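Colleague: Dumping the structure here so I can ask a few things about it.
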Amino acid sequence: MTGLVALVDYGAGNLRSVENALREVGAEVAVTRDPAVVRSAARVVVPGQGSMPECAEAMRKSGVADAVVEAIRGGKPVLGICVGLQILFERGVEAGGARGLGVLPGTIERLPDTVKLPHIGWSRVRATPSCPPLLRPLDGQYLYFAHSYAAPADAQGAALLCDHGRPYCAGLSVGNLTGVQFHPEKSQAVGLALLSRFLAS
Amino acid sequence: MPAKRIIPCLDVKNGRVVKGVKFQNLRDAGDPVEAAARYDAQGADEVTYLDIAATQENRGTLLDLVTRTAARVFAPLTVGGGVRSEKDFVELLRAGADKVSVNSSAVKEPGLVDRLSRLAGCQALVVAVDVKRRPGTSPTEWEVHVAGGSRPTGVEGVAWCREVADRGAGELLLTSMDRDGTRAGYDLELLEKVCGSVRVPVIASGGVGTLEHLAEGLRFADAALAASIFHDGQFTVPEAKAFLRERGFEVRP
């Protein structure tokens, strides 16, 4: 058994979809905002949808932010999805500016207005030379995105890049921490396979 | 640019799929969850449910349907019909919808678009716009209709699309009522005009009868919504995509 997955519930809109997808690939999931459950879980998944300032604020208010940071620093496998990736950074420019959890350096910027925003739909990603085995099978695959803001292409640990108006970081890996801008829970078989690999990591 | 999307649309009523012509003469077309799972397996880029009964009494039926679908379908799911408030919107997202579409209530109270967009992010909000050509207008004008297409509003369609995009719609689901269910092809003049007027993705709807129609619509739109050609088994999603790929469109395998 791969152990309990703590799915962090701080009010994110895609919570149910992520839960469904994790269960589909055989995970034992605890949907929780209890820091103690996050601490005791084998793995942590941070969902996220909507605006980074509101998600960061909701996460702090729920009291679970510290436990997530602690899990990352303590070496536990942690997966951030969409805004769950964005809030790991220091800052975001959305809605007048937001403070993230600051686990990763840098700023979440808006994609260029030269293309249609939000970036909604299926786009191909490409792996960087440093892409780890967890994300490597996604090289060249189409994944489902729904966002207007993104981490820079040269973000720490950038492992997958996507283009929408400019290249940006679609997936990153720093030790035990993995973040993806796309929605694995909505990317059909390719996305479910990623969640499955995460459970085995 | 993302790949062009093919979106099978399921009109649902009391938990069943129905299909009509020009919003009339509804006939039963099966179980929505089975149909959605079938399209998911075929590689549909998204599935849309539009609850055309949309009464407050059967909100529970719709939520249950969305919950059951989300447990089986791991592709994006858009749900609309009868969304009147923040509560309706959030309940559908919580049940497992990825995007929620609003229509009549946005026309009645445009500020709702701003509020819903702030609540969950514009990427979760689709504004559905049903329009009909105004006879004898030159250049052509379109009028927004609400309540399942039964009520004209006097609101001009292209300006309304621009307004809701400015207010925070993440996408527009643009339906030509003149073409809906006719299989005569999308209203291309309408698509060209709206796609040239807004900076958000546009989903073309109403009138697809052949694969050529999909290609025509996707010259302007980001996604093509279709019902009859898929429900009746006339074409599969992979057939539609193979056709589009041959025509030079980027579509997902």
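The values are calculated or read from the model by the stated rules, or taken from the named source; none is laboratory data. Predicted, not measured: the structure shown is a model, and the values here were computed from it. Positions of Cβ are generated from backbone atoms using ideal geometry, with glycine treated the same way; all protein chains shown enter the neighbour counts.
Colleague: Among (1) in contact with a Phe, Trp or Tyr (Cβ under 9 Å, 6 or more places away or on another chain); (2) buried (at least 24 other Cβ atoms within 10 Å of the Cβ); (3) not hydrophobic (A, V, I, L, M, F, W, C), where does B:Glu171 come up short?
Modeller: All conditions are met except number (1).
Colleague: Going through B:Gly148, B:Gly121, B:Gly82 one at a time, which residue ends up being crowded, with 24+ Cβ neighbours inside 10 Å, touching a residue at least 12 places away in the same chain (Cβ under 8 Å) and not β-branched (Val, Ile, Thr)?
Modeller: Details: B:Gly148 fails: crowded, with 24+ Cβ neighbours inside 10 Å; B:Gly82 fails: crowded, with 24+ Cβ neighbours inside 10 Å.
B:Gly121 is the lone residue from the list that is crowded, with 24+ Cβ neighbours inside 10 Å, touching a residue at least 12 places away in the same chain (Cβ under 8 Å) and not β-branched (Val, Ile, Thr).
Residue by residue, here is whether (1) in contact with a Ser or Thr (Cβ under 9 Å, 6 or more places away or on another chain); (2) within 23 Å of A:Gly171 (Cα to Cα); (3) modelled with pLDDT of 90 or more holds:
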| site | (1), (2), (3) |
| --- | --- |
| A:Val31 | no, no, yes |
| A:Asp34 | no, no, yes |
| A:Pro47 | yes, yes, yes |
| A:Ser51 | no, yes, no |
| A:Cys55 | no, yes, no |
| A:Val69 | no, yes, yes |
| A:Gly74 | no, yes, yes |
| A:Pro77 | yes, yes, yes |
| A:Gly80 | yes, yes, yes |
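Colleague: Next up: Within region B:87-194, which strands (runs of 3 or more DSSP E) (wholly inside it) include 3 or more residues that are more than 23 Å from A:His183 (Cβ to Cβ) and within 14 Å of another protein chain (Cβ to nearest Cβ)?
Modeller: Details: elements: B:99-102, B:125-133, B:142-146, B:151-156, B:171-176.
By residue number, no strands (runs of 3 or more DSSP E) qualify.
Colleague: Is it fair to say A:Asp9 is more than 20 Å from A:Gly157 (Cβ to Cβ), within 14 Å of chain B (Cβ to nearest Cβ) and not β-branched (Val, Ile, Thr)?
Modeller: Numbers: more than 20 Å from A:Gly157 (Cβ to Cβ): yes; within 14 Å of chain B (Cβ to nearest Cβ): yes; not β-branched (Val, Ile, Thr): yes.
In short, yes.
Colleague: Which of the residues spanning region A:12-54 are charged (D, E, K, R) and either within 14 Å of another protein chain (Cβ to nearest Cβ) or buried (at least 22 other Cβ atoms within 10 Å of the Cβ) (or both)?
Modeller: Of region A:12-54, the ones charged (D, E, K, R) are A:16, A:19, A:23-24, A:28, A:33-34, A:39, A:43, A:54.
Selection gives A:Arg16, A:Glu19, A:Arg23, A:Glu24, A:Arg43, A:Glu54.
Colleague: Moving to a separate point now. Do we have B:Ala221 as surrounded by 24 or more Cβ atoms within 10 Å (Cβ to Cβ), touching a Leu at 6+ places or on another chain (Cβ under 6 Å) and either aromatic (Phe, Trp, Tyr) or assigned to a strand (DSSP E or B) (or both) here? Break it down stepwise before answering.
Modeller: Values: surrounded by 24 or more Cβ atoms within 10 Å (Cβ to Cβ): yes; touching a Leu at 6+ places or on another chain (Cβ under 6 Å): yes; either aromatic (Phe, Trp, Tyr) or assigned to a strand (DSSP E or B) (or both): no.
Judged against the criteria, B:Ala221 is not a match.
Colleague: Something else: Among the residues that make up region B:213-220, is at least one of them closer than 24 Å to A:Ser148 by Cβ, in contact (Cβ under 8 Å) with a residue 24 or more places away in the chain and within 13 Å of another protein chain (Cβ to nearest Cβ)? Working first, answer last.
Modeller: Let us first name the residues in region B:213-220 that are closer than 24 Å to A:Ser148 by Cβ, namely B:218, B:220.
Subset that is in contact (Cβ under 8 Å) with a residue 24 or more places away in the chain: B:218, B:220.
Now restrict to residues that are within 13 Å of another protein chain (Cβ to nearest Cβ): B:218, B:220.
Checked region B:213-220: at least one residue is closer than 24 Å to A:Ser148 by Cβ, in contact (Cβ under 8 Å) with a residue 24 or more places away in the chain and within 13 Å of another protein chain (Cβ to nearest Cβ).
Matching residues to (1) surrounded by fewer than 24 Cβ atoms within 10 Å (Cβ to Cβ); (2) free of Cβ contacts under 8 Å to residues at least 40 places away in the same chain; (3) within 20 Å of B:Gln123 (Cα to Cα); (4) basic (Lys, Arg):
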site: A:Arg91; (1), (2), (3), (4): yes, yes, no, yes
site: A:Thr107; (1), (2), (3), (4): yes, no, no, no
site: A:Leu111; (1), (2), (3), (4): yes, no, yes, no
site: A:Gly121; (1), (2), (3), (4): no, yes, yes, no
site: A:Arg126; (1), (2), (3), (4): yes, yes, no, yes
site: A:Phe145; (1), (2), (3), (4): no, yes, yes, no
site: A:Ala150; (1), (2), (3), (4): no, no, yes, no
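Colleague: Any residue in region B:127-141 that is over 30 Å from B:Lys99 (Cα atoms) sitting within a Cβ distance under 9 Å of a residue that is among the hydrophobic types (A, V, I, L, M, F, W, C)? List the pairs, counting only those 6 or more apart or interchain.
Modeller: B:Arg134/B:Trp142; B:Thr140/B:Leu190
Colleague: Where in region B:18-81 are there strands (runs of 3 or more DSSP E), lying wholly inside it, with at least 3 residues that are within 14 Å of another protein chain (Cβ to nearest Cβ) and at pLDDT 95 or above? Before the answer, list the steps.
Modeller: Working: elements: B:24-28, B:47-51, B:77-80.
Hits in region B:18-81: B:77-80.
Colleague: Just to be sure, is B:Val158 without any contact (Cβ under 8 Å) to a residue 40 or more places away in the chain, within 24 Å of B:Pro32 (Cα to Cα) and among the aliphatic types (A, V, I, L, M)?
Modeller: Working: without any contact (Cβ under 8 Å) to a residue 40 or more places away in the chain: yes; within 24 Å of B:Pro32 (Cα to Cα): no; among the aliphatic types (A, V, I, L, M): yes.
So B:Val158 fails the test.
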